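FYI, it's all coordinate maths here, none of it is from the lab. Source: prediction; values computed, not measured. Neighbour counts are summed over all protein chains in view; Cβ atoms, including those assigned to glycine, are modelled from backbone coordinates with ideal geometry.
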């Protein structure tokens, strides 16, 4: 199911008489829903309309944050709605605790939230609110026998007198949070007019994507994997780009969701698999001493709807590849969508000899039982937790250390995503993390730049 939470932040009256308090109590009784005890959609929309009226009179400015839990649907599907309801109650409680005393937390649906904040106009103020929300949501949840972790994607709308009705803010906030989710988990985006224009462009994207498959308009860029111990390049992750005629290079976050909705993700994913294996074969022949590995993302439908094992078997033979040099990166949601089919396919892939990597571990739905059920070789820690290592939150450091130790005990190698500074690099190295990936080392690069890097024998690490 799809539903929303909202958090509205409004000024509290300085004082009220007993009659006013009684009226407010009755209003709260009827406006709070039973699952979380939080105000409902109608109450929030009323607050938002009042804020618009005040802003129109020049009495107040405000921002609105749309907050969407990453991967919540998988909890209901895998663990049942009772666990899902417990999680929603806990999220609501945490959000309410994270907000100021005068803030109002309201339930709008199942996995989305909103914040209406008066007199917050600076980027620093916006970032402060987002960080409070992320910290409150991202700490692990212990529900029954499950240990779950979540992140949230956030869209931000800044009202500067350009909105006349709540539905206009809802429209733009929905666009912004969608943009945030396409960037990955635990991201935020501030709405601007270019996002609206981009949403309009996506309406005609399906036909262009079909043509792109036929006309071979996709390209791969490659981001290095770095050994944190030796600071040497040990491989690359293949990342797709679309060279769209008339638009230039289009990033995956701008078209993958369209491909998923329209059944195009399997042919696109198979193209990445073919092109990636071809490229690794060339590198293995040109630079055999480097023993390079290649990480290739595999979408959930490729696991459940395609003969990925047969396709990969042919590619390994065609390009004379060692199967262990292929690392298939599978997200947690990718195996939860159809765990029975995923188990059969992943067992077959293991027999083939390829390496299996659980991607974005710790974001969205995270169950430790998945590490036991599926024979993963590599665990990739989600960038959300890496980004918090330098924020001096002891809980983040303890959590990352626990993940690394768990993976080591299970015989898995550990990759940290999103390393952006020296302090993160140093802490992860001290914790025993094996591989690093992120802008500290290198942004994704086209094939010709990879060749120059490999031929120069230079290291992109610090």
Inset, instruction - Give me the orientation-averaged projected area of the Cα convex hull of the stretch 254-326, in nm², one decimal. - result: 5.2 nm²
Legend entry - Antiparallel bridge percentage (DSSP; both residues within the chain; nearest 5): 60 percent
Legend entry - Between 0 and 90°, nearest 10: helix 394-409 axis offset from the chain longest Cα axis: 30 degrees
Inset, instruction - Determine the equivalent ellipsoid of the stretch 204-456 by diagonalising the alpha-carbon gyration tensor, then write out the semi-axes as square roots of 5 times the eigenvalues, largest first, rounded to whole Å. - result: 27, 22, 20
Legend entry - Gain in span if fully extended, residue 410 to residue 50, counting 0.36 nm per residue against the direct Cα distance: 124.1 nm
Legend entry - Cα Rg, Dmax, the chain, angstrom units: 23.8, 83
Legend entry - Computed lengthening from residue 422 to residue 100, 0.36 nm per intervening residue step minus Cα-Cα distance: 112.5 nm
Inset, instruction - Taking just the C-alpha trace of the stretch 87-155, give me its Rg and Dmax in Å. - result: 12.7, 43
Inset, instruction - Would you mind ranking 49, 327 so that the residue whose beta carbon has the fewest other beta carbons within 10 Å leads the list? - result: 49, 327
Inset, instruction - Write down the radius of gyration of the stretch 138-242 and its Dmax, each obtained from C-alpha positions, in Å. - result: 19.7, 58
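Fewest to most neighbouring Cβ within 10 Å: what's the order for 99, 195?
Going from least to most buried by this count: 195, 99.
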Inset, instruction - Neighbouring Cβ atoms within 10 Å as the yardstick, rank 433, 390 fewest first. - result: 390, 433
Inset, instruction - Let me know the Kirkwood hydrodynamic radius for the stretch 31-156, please, with Cα pairs as the basis and the value in Å to one decimal. - result: 15.4 Å
Inset, instruction - Could you tell me the distance between the Cα centroids of the stretch 270-309 and the stretch 34-61, to the nearest Å? - result: 51 Å
Legend entry - Calculated FRET efficiency for the pair residue 165/residue 262, C-beta based, R₀ 35 Å, to 0.05: 0.65
